[in-house]
Structures are given as structure tokens and as C-alpha cells.
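One structure below.
Since every read-out is calculated from the coordinates, none of them should be taken as a lab result. Because the structure is a prediction, the values reported are computed rather than measured. Note: ideal-geometry Cβ built from the backbone for every residue, glycine included; neighbour counts use all protein chains shown.
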Amino acid sequence: MRPDADNATRKRIRELEDLLHQKEAELALLTEIAEIVASEEGLDSAFATIAERARTLLTAKTVTIPLLSADQTSYTYRAAAGLNAEELSGAELPIEVGLCGWVLRHRKPWWRGTLDDLEEHERNLWEKRAGNAILVPLIGKRRFLGGIAAIDKLDGSHFTRHDLELLALFSRQVGFVVENAIYVEELETATKRTEAYRRQLEQSNQQLVRTNEELEHLALHDPLTGLPNRSLVIDRLQQAILNARRNQEPMALLMLDLDHFKEVNDTLGHLVGDKLLMRVGERFQSSLREPDTLGRLGGDEFAVVLPRASQKDALIVAEKLQDALRRPVDIDQNSFSVAASIGISMYPDHGPDPSSLLRSADIAMYVAKRARNDYAVYKPDYDTYNPDHLSLLRDLRESIRQGDIDVVFQPKLDLRSGIIIGVEALARWHHPERGDIPPYEFIPILEQTGLIRSFTLQILEKAVGYCTCCRQQGMEFNVAVNLSMHNLRDNKLPEQIREILDRYDFDCHQLILEITESAIMQDPEHSLEILDRLDKMGLKLSVDDFGTGYSSLSHLKRLPVSQLKIDCSFIKDMTRDEDDAMIVRSTIELAHNLGLETVAEGVEDEQTLEQLRALDCDMAQGFLISRPLSPDNFLRFMKSSPWAAHSANSIPSDIET
């Protein structure tokens, strides 16, 4: 082999060895950087190492690593090595400033040779400012990261193109590692931020739950004793009634009034009186079962709701409550002998709803107090003991004689067409001195005294008269009037209704009569006889508050009715209570199988309305559609409401007393 060939071979071997050493050094650097990034030292330490390795590679006085911001409007010296490193690290500058900004804007390297490629004015600018520096972009696989800059050589010489190429090669080597490290850091930062937001949101939700619970407790509990207030007592009473109705079992309500409590307040002050109420409440509570509800209605009045309780059970509880007061109550060195009067009412014997049970228990409590007995169970005869009864009866009789009982109308919605097809009218009595008297107060008085018959005929005549006036204005209404059990006992009722219809020349097919289950079941055979006579006259019959009584299917099949009205107690919770939803669905299916229409009462939200529509209910009414309206307001409603926007001249309406 020739000497020249040997020399060339040896030279090539040295070049390959140098390249191998270079690659090994590059691999060692990347491995070192990757290990630092993966260690607890983190990305800052990795950047510091990269800067130091670059400074060593170029024998530079200073090396910096400027990174571009996410919005590319500024850059930050993420790391620096050498002279002034501490001052430079962390500094942030706008991208328009400095030589680093030029490189980041143009995304190309800089060295003194770059001046030859610039326009004269820009060359003159940077020739003064640039100094002895080289900069190369730092680019990852997926995005532009920033750059690496070297300033001044240690030996005072200028950076050469070879230095620029070395720095560019170094930048490419570390670019991907830096990019991945930045992504890991951003991911960790985002994870920590997300976790912080999650914890903050969780804390906020917990605080919101606690606040809502506190507000709900304050809204439903007596601030003095901590017992349920009147609102919560009525709600618990309603729930007990619903459960008793479903299970066909009794429940009881007790009302308690402390005797001579006013004397304690007047003599020793309200502070002592408040302490006495608190102690009495504690004693009452300790005498009750867990399912029972003790509440303070106000003043010195308490109430106890006894679910699934017979009259015998209620009497036992009344004895326990009285026993709790037999020991004196000591307050501030004073000893009080406390007594209470207790009134007891039973579901369903003394009322079908909270208001009637409260009224009955209140009357019984008044009887116990007057008779100086520990307790009394309500009897209808006790109503005469109500101090307001005779006065209210006298005024009510006069209002009926003067025709002062008003009627308001609540529209009904046809669930298939989406328009108003009728109304229910409710009786309203405005007392000249006491203001508005609710129906649950004056209707029982009418039924107990026999005034209900003349009252019903008067409401019927007003309804027919209003319908006649509407007909004269081009509107046709089917008018429904509610009948009580006393009306169904009156053999003259069909002839009296016929006289009213004839007097107004009113079509009998436009009159609807509504009867409650309980009214029918008082005397089923006689009620059926009256209803058959009314049906033969062409009147439409409807069962009101269906589901709240104890009627049998055999009786329902015999009745000449064409419509069932589902009671609001089942409607209001049907979207939350599966039992109520099942009752409503079964009632609708039963009615349709018998060829009857269905009307849902007490619809107050869109979700309930849509569920009723899905169950194929025929009609709905409630506050969602409209509150009860005066005759004039109803006419305005029919002209402006979207529910009535497409109603034609024939607008059915149901008017109930």
C-alpha cells in the first residue's frame, strides 16, 4: 500500500473518531439534561446546565436563554451563565427591544456577519449596539421556543462563523429536550392550577351547602326554641296527611296553648317568658317519639303532628305532654307551675287538609281551655264555642243575602292544543272589616248551617250570568259549579238548576257540575239518584279532587261522570316523588279506560306540565298558567296571554265555588 493512501486512511480514522467523540459528548449532554429535567431539580436547573454547557463550548463570558412568551409579545431570560448571570436571569423585555428581540422577531441567527445582509440604516444601528455577540433560535419539534445568546469571548476575540455553527448545532441538539421539558412543566402547572380550582370549587360548594342549610333552617325553625315553625309544621302535617291517605290510616294533630302565659310576660318580662318557652319546648320534645313533629306556631302556642296515630294514641301523647308539665319549671330563682290546654283533631274525621285540621284542633283547644280540661278531641258541635263563629256566620248570611260573594277565574290549559279551553272559578268573600276571608274558613260554616244550598245556587246563577255576558261578546263558556254533599241530599236541586238555566236561556250542555269523592260517598245511593237526574238533563258531571277520598271503583263505574280532576297533592311532587308519579299515571290510565277526561290541578312548573303531557293527561291548571283572575282581568288575560293567543270565539271554562 502507498504511503499517501496510509496517511489518508489514518486521517479518515481520526475524523471518524472525532465525530464519534462529538456524538458521545452530545449524547452525554442530552442524557444529563434529560436526567435533570426528570429529577426534583426541575426545568430551571436544566436551563442553567444548558447555559453553562453552551458557555463552555464557545468559551464565552456570558450565555443567556431568552424564551418567547405565549402571546409572542415579550421574552424572558429563563437562564444565564457567566458574567452578570444573576442580574440577567428572570428579566423580561418586550420583543421589540434588544438583539434577542431581533432574533425572536426574525427567527434567524445573528452574528457580526449578519450586518452585511442588512439595510444601511439598520446596519448602522446594530453595528453600534450589537457588540460581540452571537444568537441562534431555539426551536422544538412543534413550536418556536426562543433562542440561545453568547456575549463576548473570554480571550477577547470575536465570535466566528464556526462559533455560530457550533451554537446552532448545540441549539438543535437541546431543542427537542427543552420543548418536551417545557410541555411537562406546563402540564404540571395546569394540573396544579386545575387541582387548586377543584379544591377551591369544592370548598365553595361546601360553604354554599352549609349556607343554604343554615338559611333553610332559619326559614323553617323558630329562632327562640329551635323547633319547627308554622311553615315547617304545616309541611310535616301535609306529608303526614298524604301518607295517611295512601295507607288509608288515621293521623292526629295536637295544638297546645300555655295557660296564663301572658301573666308571666307582663309580670316578670319577656326574657323570663322566653326562657320558660324554651324549657317547656324541651320537656315536650322529650315526651315524643322520633317520627313525631313538635313545633312552635307562635306566642305560647305549640303543635304536635302524630303520623300513623289513632285517637287512642293521640290521647296517650296528650297525657304524656301534660305529665311533662306537672313538675315546676325553675328559671332565675323562680319556680313556675305551668299548665296547658290541648286540642286534638284527627285525619280524616275532622278535616282532609292542614288548614281544616288546624282549625279543628284550635277549636278543640279553646273548648278544653273553657272547660278547664287537660285536653279535648274535636267535635262538630264544638264550632259554636268558637268566639268568632256566630259573628262570622251573621256576616256571611248577610253577604249571601246582598249577593256580595265574588267569583274569580283560573284558566285551564288543553295539553294537546296548548291553548286555554276553560277556567275554574273560585268563591271569594271580602269582609268589610276583616278583609279577605279564605274559603277554608267560611265554606265549613256554610256546610254546618245549611247556608251552602242557597250559596251554591247564588254562585251558579253568577256563573251562568257571567257566561251569558261573555256569549253576548262573542265568547262561549262551559261553566262548572261545585256541589257539596248537602246539595246532593236536596231533591229540589235538579228543578232549581233548571229554573236558572231557563231564566238565562242557557244551554244545559254548557253546564258542568263538580262533585268531590267525599260528597258522593256520604250517601252513595241517594247521590247516584240525584246525579242520574242531572245527567238526564244534559249536564256534564266531574269528580273533583279525585284520589283524596275512599271511593271504590265499583261506585265510580256506576256514576254518570265524564271527567276526573286529579288532586294537587299528587301533582305538586310528582316530578320528585315516584309514588305520586305512579298515582297520577294510574289515575290517567284508569280514567281513559273508563272513557273519562282528566284534569291536573296545581301545576306550578314547566317540568310537571311536560310530564303530564307525556302521560297523556287532557287538561291542566295552576299558577304556571295563571293565578285566579277577576272577571275583567280574565278577559284581559284572554286577549294578551300566549296560552290564549290562538283561542277562538269558543273558549270553554269551568267555574268552581
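Key figures for this structure:
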read-out	value
Inter-label distance, nm, simple model (7 Å from Cα along the C-beta direction), Glu213/Ala91	5.7 nm
Taking region 453-543 and dividing mean pair separation by its residue count, relative contact order in percent (alpha carbons under 8 Å, at least six apart)	31 percent
Nearest-0.05 FRET efficiency for Arg105 and Thr575, computed from C-beta distance (R0 56 Å)	0.35
Relative frequency of Cα-Cα separations exceeding 22 Å in region 274-362, percent	29 percent
Mean residue ellipticity (222 nm) of the chain, computed from DSSP H runs ≥ 4 via -39,500 (n - 2.57), nearest 500	-16500 deg cm²/dmol
Backbone N under 20 Å from the Lys262 label point (7 Å along Cα→Cβ), restricted to region 312-347	337-343
Once the Cα gyration tensor of region 456-591 is diagonalised, semi-axes √(5λ) in Å	29, 19, 12
Kirkwood-type radius of region 230-387, with distances r between different C-alpha atoms, in Å	15.8 Å
Kirkwood estimate for region 390-644, i.e. one over the average of 1/r between Cα atoms, Å	19.1 Å
Helix axis angle, 578-593 relative to the chain longest principal axis, alpha carbon, degrees	60 degrees
Under 12 Å, Cβ to Cβ, from Pro494 - net charge with Lys/Arg +1 and Asp/Glu -1	-2
Between helix 120-129 and the chain: long-axis angle, C-alpha atoms, 0 to 90°, nearest 10	90 degrees
Rg/Rg_globular for the chain, with Rg_globular taken as 2.2 N^0.38 Å and Rg from C-alpha atoms	1.74
Loop-located GluC sites (Glu not before Pro) in region 114-191 whose Cβ has at most 15 other Cβ within 10 Å (DSSP)	Glu119
Net lengthening on full extension, His526/Tyr504 (0.36 nm per residue, minus Cα-Cα)	5.0 nm
Cβ-Cβ FRET estimate between Arg143 and Glu122, R0 fixed at 30 Å, reported to 0.05	0.65
Descending semi-axes in Å of region 320-386, equivalent ellipsoid built from Cα gyration tensor	29, 12, 9
Per-selection Kirkwood Rh - region 401-446 (Cα, Å, 1 d.p.)	12.6 Å
Among the listed pairs Lys536/Lys639; Lys108/Lys141; Lys61/Lys128; Lys262/Lys379; Lys262/Lys312; Lys379/Lys572, those beyond 26 Å (Cα-Cα)	Lys536/Lys639; Lys262/Lys379; Lys262/Lys312; Lys379/Lys572
Nearest 10 degrees, 0 to 90: helix 493-503 Cα axis against the chain principal axis	80 degrees
Sequence-separation-based contact order of region 230-387, relative, with Cα cut under 8 Å and 6+ spacing, percent	28 percent
Label point distance in nm, Gln200-Gln248, each placed 7 Å from Cα along Cα→Cβ	6.0 nm
Normalised contact order of the chain, rounded percent, pairs of Cα under 8 Å and 6 or more residues apart	9 percent
Rounded to 5, percent antiparallel among DSSP beta bridges of the chain	70 percent
Pairwise label distance in nanometres, Gln472 with Phe623, each label 7 Å out on the Cα-Cβ vector	3.6 nm
